[in-house]
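Reviewing the structure listed below.
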Amino acid sequence: MLLSRLRWYWECDRLGPDIPLAHIFLYCHRWGKWICRRKFRYFGENAVFRPFAYVHYCSKISIGKNVIIHPGTFLSADPQEDGNIVIKDDVSIGSCVHIYTVNHCYD
């Protein structure tokens, strides 16, 4: 049971304090870049994803060069085909900013 939970933490398409195994890597600059490059679709040079920021569906999100994502920020991409988030180069996203591409189907 514990091993399956640890495996889920490692393989899930999320990043944030609710995923402790991956989140702990964000406290070390080198390990934080490594986990972000593994999780995000693209993670640019000199980009920083700070601890206590949240992401759902990392594989649908591209982060450009020199981007800083501050604590409390929440990025949620839609798992559907066109639900991507692209943050271009030289952007700083302040604390507690929420960006969603998720929508409900009304059909």
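The values are calculated or read from the model by the stated rules, or taken from the named source; none is laboratory data. Small disclaimer: the values here were computed from a predicted structure and weren't measured. Note that we place each Cβ from the backbone using ideal geometry, even for glycine, and neighbour counts take in every protein chain shown. When the accessible area is computed, the model is the full protein with side chains, heavy atoms only, and any ligands, DNA or RNA have been set aside. Shrake-Rupley method; radii C 1.70, N 1.55, O 1.52, S 1.80 Å.
Before moving on, here are some points about what is shown:
- Longest exposed-site-free window of the chain, the sites being chymotrypsin sites (Phe, Trp or Tyr not before Pro) in a DSSP loop that have at most 13 other C-beta atoms within 10 Å: 53-105
- The residues of the chain present an accessible area of 63 Å² per residue when probed at 1.4 Å with all protein chains retained.
- Cβ-defined net charge surrounding ASP89, 14 Å radius [Lys, Arg +1; Asp, Glu -1]: 0
- Beta bridges assigned by DSSP with both partners in the chain are antiparallel in approximately 10 percent of cases.
- Helix-only CD estimate at 222 nm, as mean residue ellipticity for the chain, using -39500 (n - 2.57) per DSSP H run (n ≥ 4): -6500 deg cm²/dmol
- Estimated distance in nm for a label pair at ILE99 and ARG50, the labels positioned 7 Å out from Cα along Cα-to-Cβ: 1.6
- Each Lys and Arg contributes +1 and each Asp and Glu -1, all at the Cβ; summed about the Cα centre of the chain, the dipole is approximately 560 debye.
- Here the chain is scanned for trypsin sites (Lys or Arg not before Pro) in DSSP loops (not H, G, I, E, B) that have at most 15 other Cβ atoms within 10 Å, and the longest stretch holding none of them is 1-40.
- Descending Cα extents along the principal axes, region 20-107, whole Å: 46, 28, 23
- To put it simply, the accessible area of the chain at a 1.4 Å probe is 56 percent carbon and sulfur.
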